[in-house]
Amino acid sequence: MAAERLERQDWALALQHLIAMFGATVLVPMLTGLNVSVALYTAGVGTLVFHWVTGGKAPVFLGSSFAFIAPIILARDNFGLAYATGGIVAAGVVYLLMSGLVAITGPGIVRKLFPPVVTGPVIVTIGLTLAPVAKDMASGDWATALFTIAVTVIALTFLRGYFKLLPILTGVTAGYLFAAARGLVDFSQITAANWVAIPDFILPAFSWEAIGIVAPLALVTMIEHIGDMEANGAVIGRDLIKDPGLHRTLLGDGLATMIAGFFGGPANTTYSENTGVLAITKVYKPHILRITAVLAIILAFFGKFGALIASIPGPVMGGISIILFGMIAAVGLRQLVENNVDLKLNRNQLIVATTLVFGISGAELKIIGDLQLVGMSLAAVVGVILNQLLPVEEKAKQQQ
């Protein structure tokens, strides 16, 4: 990476990127039981690794991936958090394998294996299978949950400019203050926490069952990765799929995810929130994102900050999650619509219908020994196989 001269405003721009990624990055560990400070640390380290692998050519920040929330919760509840993070390490390995395949064959192989007719319904299942989690959190105090939802909707609908990027953070802050006024916030853990503290890192544990739940989701998030690279490249006016190359960006994402798993953090992914900041500011210097990464690492060692995040009541997070998980499902539907997937074709109907049922039902398939595919992981694999096996109808050929 070429050395770049720092300017005074670069720090302010980096802080802006930190705020943009903050709400989503800390929300994932809060929902899954992982440590918020560890998530910030691994996001920062992962971003620096990504920039190293890609030669510092892409102004990208890597944060916690929402796609892995459901499999992490499932693996956590059945085997424990350590095994869930072991699955995250394995997901990083899947990225590395795909990176090697792309380096040999070119980026077209990913789109061929995972077209919108496959990834769309899988993304829908990610949101819908999380719906009971949101409902359970919100049920502790529906008044607080509904207030949080209302403020988030208002922020998303009526705020303009930079603040439109922060509806989740706005909703959580308002919900927290509302819950505090109702006596639902326990401030004792904040008072007891040290100002500076080492994040609660945990070492991963490995079992084929947990890996089978978590790792296959990497097949879906690769499509998200390509979309983010294309969006980022469109904003800065450079084709990042060609330079530094999709194989390098996949490698960087995979290494970042493996590192996160080894430290006890959630899987990393490229962040569209930060691409939005690039579009607004028109400042595309990659080193600003590296400053953001360093700021995230520093923030991870503030003990009181971690305690403050941990004190957010469940109903507040439940309210936010109702919106968030619903929007994840909507993104899957949008993929089908925007890519003109014709559901009048029997082939497309079969792929979408089968994928949805396998994903939402939580169906299980034992492969070898303790290795099994569950729910969304099984849905993703079934979708890929059906897409390869079912004959393409003439009208579908014309759409491709």
Quiz item: Yes or no: Thr47 surrounded by 24 or more Cβ atoms within 10 Å (Cβ to Cβ), touching a residue at least 24 places away in the same chain (Cβ under 8 Å) and either touching a Cys at 6+ places or on another chain (Cβ under 9 Å) or not acidic (Asp, Glu) (or both)?
Solution: yes
Quiz prompt | Leu336 vs. criteria of a type outside the set (Val, Ile, Thr), over 27 Å from Tyr41 (Cβ atoms) and buried (at least 18 other Cβ atoms within 10 Å of the Cβ) | solution = yes
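So that you can scan it fast, the table gives a plain yes or no per residue for (1) more than 28 Å from Thr292 (Cα to Cα); (2) acidic (Asp, Glu); (3) within 14 Å of the chain's Cα centre (by Cα):
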| position | (1), (2), (3) |
| --- | --- |
| Ser37 | no, no, no |
| Leu62 | no, no, yes |
| Ser65 | no, no, yes |
| Ile104 | yes, no, no |
| Leu128 | yes, no, no |
Self-check item: Identity of the residue in the range 260-296, within 15 Å of Asn232 (Cα to Cα), among the polar types (S, T, N, Q) and more than 14 Å from the chain's Cα centre (by Cα), that ends up modelled with the lowest pLDDT
Solution: Thr281
Quiz item: Which is touching a Ser or Thr at 6+ places or on another chain (Cβ under 8 Å) and aliphatic (A, V, I, L, M), of Val185, Val196?
Solution: Val185
Quiz prompt | Residues satisfying the stated conditions in the range 219-258, i.e. among the basic types (Lys, Arg), assigned to a helix (DSSP H, G or I) and surrounded by fewer than 18 Cβ atoms within 10 Å (Cβ to Cβ) | solution = Lys242
Quiz prompt | Tabulated pairs, the range 101-130, first in contact (Cβ under 8 Å) with a residue 12 or more places away in the chain, second of a type outside the set (Phe, Trp, Tyr) and outside any helix (DSSP H, G or I), C-beta under 6 angstrom, 6+ apart or interchain | solution = Pro116/Asn339; Pro116/Val341; Val117/Val341
Quiz item: Across the range 183-202, what is the number of residues that are surrounded by 14 or more Cβ atoms within 10 Å (Cβ to Cβ) and either in contact with an Asp or Glu (Cβ under 6 Å, 6 or more places away or on another chain) or in a loop (DSSP other than H, G, I, E, B) (or both)?
Solution: 7
Exercise. Please state which one of Ile126, Ile109 is under 21 Å from Val384 (Cα atoms), at pLDDT below 90 and crowded, with 23+ Cβ neighbours inside 10 Å.
Key: Ile126
Self-check item: helices (runs of 4 or more DSSP H) wholly inside the range 64-171 that include at least 1 residues being touching a Lys or Arg at 6+ places or on another chain (Cβ under 7 Å)
Solution: 81-105, 142-158
Self-check item: Evaluation of Phe206 against (1) farther than 28 Å from His17 by Cβ; (2) of a type in the set (Phe, Trp, Tyr); (3) assigned to a helix (DSSP H, G or I) (one fails), failing number
Solution: (3)
Practice problem: Give just the number: which of (1) surrounded by fewer than 18 Cβ atoms within 10 Å (Cβ to Cβ); (2) touching a helix residue (DSSP H, G or I) at 6+ places or on another chain (Cβ under 6 Å) does Met327 not satisfy? | Solution: (2)
Practice problem: Could you please find all residues in the range 168-182 being out of contact with any Asp or Glu (no Cβ under 9 Å at 6 or more places or on another chain) and modelled with pLDDT of 90 or more? | Solution: Ala174, Gly175, Tyr176, Leu177, Phe178, Ala180, Ala181
Practice problem: Of all residues in the range 344-360, count the ones that are under 15 Å from Val392 (Cβ atoms) and without any contact (Cβ under 8 Å) to a residue 24 or more places away in the chain. | Solution: 2
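The values are calculated or read from the model by the stated rules, or taken from the named source; none is laboratory data. In this text, all values refer to a predicted model and were calculated from it rather than measured experimentally. So basically every Cβ, Gly included, is an ideal-geometry build from the backbone, and we count neighbours across all protein chains shown.
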